[in-house]
Ligand SMILES: [Zn+2]
C-alpha cells in the first residue's frame, strides 16, 4: 500500500476530540502527520467518531470454545480450580488445524469489538500425547497464521510452563501439552522469532506462566539468556489461594517476590495482579510495569477485584485483556472496571480524571498501556504510531445528536460492538459496515471445530 490519508470528521487525539482531522500514513501504515481543521480533498472520508484501536494484552484464544459452558453443570461452591479442569479437557483435544480455525474466528471477533492487536498467551505447544510436533513451533505458527488470516496484529507470547505447582518437580499428565524445560523453551523462542511476518504487525515476547508453574532457578536463568529486550508477561496474584501458596513456599507474596528477585521494569506486564498489598501496589507502580486487567474473566472466575482507584491515583499503567474470551467486548471490559469501582465506593464516575469522563480516562490509558505491553507502536493517533483506528457509527440510534465528548460514554455504558462501523489496521480497512470480508468462511470453519470438539 502506498501513502494514504484518511479524513475524519471527528477523531480522538491525545489532547482530546478534534474536528476535520486528516491522518496521513506511509506505506507501512504508520502515521506520518495529523492535521486538525483540515480539508477532505483527496482523502478517504470517514463520517463517524474515530478512536485509536484498543490493544488486547491478554488472550487464550482457544478458551472461547468454553464460552457459556462452564457454569450451569458445576457445583454451587464452584471456583477457579474446577474451571481449570474443564479447560484442561478441551486443551487435550485440539489439533493444529482446529486451533488455527478457532483462533482466526476469535481474532475476527476481536476486530469487530474494536481490538486492533492481541497478545496471545500461548501454552498449547505439543501434540495431545505430550510429544513435540516435528516442527517444535507448529502450534505457535498456527497462532501467527490465524492472526495473519484476519489482519489482526499479534504479539506472540510462547509460555514457559515447567511444573504443576510450587512443590511439584514437573507437569501433571493433563498439562503435558504445555511443558518445556528451559533449553527447549529457548529453542522455541528462537524458532518463533524467524517466523514473524517481518512487518510492524507481529512481535514476540516471553511469558513465564506463573510463579507456581516456573521454578525460581528457571525464571532467573531465563533472564540470563540474553534474550531481552522483549515484552515479558506473567500471570500473578490472580487468586488468594495462589498468594497463600506463594507465601508458604517462598516466604513472600507473589508480587513482592517478583519485585525483589526479578528485573521488573516497563517492559513487563503483570497479568491480573488482583491481590496486592499497599506496599506491593506502590512498588509495582514505580517500576513502570503494566497491569493486565481482564475484568470479565476475573468476574467469571470469581478471582476478586483489582483496586483501580489507588492504582490510577499513583499513575500506574494498565491495559485490557479478553483472557478466556467468554466475552469479547472492549466496551464491556471498561464498563466493568468503572462499575466495580462504583459498587465498592458507592459513588459515580469514580475513575474519571481531569476534564475527561471515566470512559475517556480509562479508554486512553488502557490503549497506551496495552500498546506498551504488546511492544507495538500503537494506542494513540499520533505521528510514529501505526494507524489502527476504530469508527463508531454516527448512524447508530443511541449516538444521534451527541457531541464527541459524550460518545465514548454512550458506547462504554450503553453499547458494544453494535456501535462499531469500521476498523483499520495499519491504515487498511479490516472491518467495514460491521463485517469482516472473510466472515462467512471463517464462521463455517469455527462451527465445524465446535461440532467436532463437543462430540468428543
Ligand atoms: Zn491468562
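Readers should treat all values here as calculations from the given coordinates under stated rules, not as data from a laboratory. All figures in this text were calculated on a predicted structure; none of them were measured in a lab. Cβ placement follows ideal geometry from the backbone for every residue including glycine, while neighbour counts extend to all protein chains displayed.
Worth a mention:
- Anisotropy class of the chain from Cα gyration tensor, a/c 1.5 cut: prolate
- Cβ crowding within 10 Å, taken as a proxy for footprinting-reagent exposure, orders 23, 441 from fewest neighbours to most as 441, 23.
- Degrees separating the helix 182-193 axis from the principal Cα axis of the chain, which is the longest one: 20 degrees
- In terms of surrounding Cβ atoms within a 10 Å radius of their Cβ, 447, 327, 9 rank from fewest to most as 447, 9, 327.
- Separation of region 321-399 and region 37-62, taken as the distance between their Cα centroids, equals 13 angstrom.
- Gyration tensor verdict on region 1-158 (Cα atoms; rounded if a/c is under 1.5, prolate if a/b is larger than b/c, oblate otherwise): prolate
- Principal-axis tilt of helix 358-374 within the chain, Cα atoms, nearest 10 degrees: 60 degrees
- Here the simple spin-label model places points 7 Å from the Cα toward Cβ, and for residue 406 and residue 19 these points are separated by 1.6 nm.
- Ranked list, fewest to most other Cβ atoms within 10 Å of each Cβ, for 326, 31, 86: 86, 326, 31
- Euclidean distance of C-alpha centroids, region 136-208 and region 227-258, integer Å: 20 Å
- In degrees, nearest ten, helix 96-113 long axis to first principal axis of the chain (Cα): 40 degrees
- MRE, 222 nm, helices only [DSSP H, n ≥ 4, -39500 (n - 2.57), over the chain, to nearest 500]: -11000 deg cm²/dmol
- Cα-based equivalent ellipsoid of region 394-456: semi-axis lengths in Å, sorted from largest, via gyration tensor: 32, 16, 9
- Summary of the geometry: region 412-446 and region 1-33, compared by the centres of their Cα atoms, lie 20 Å apart.
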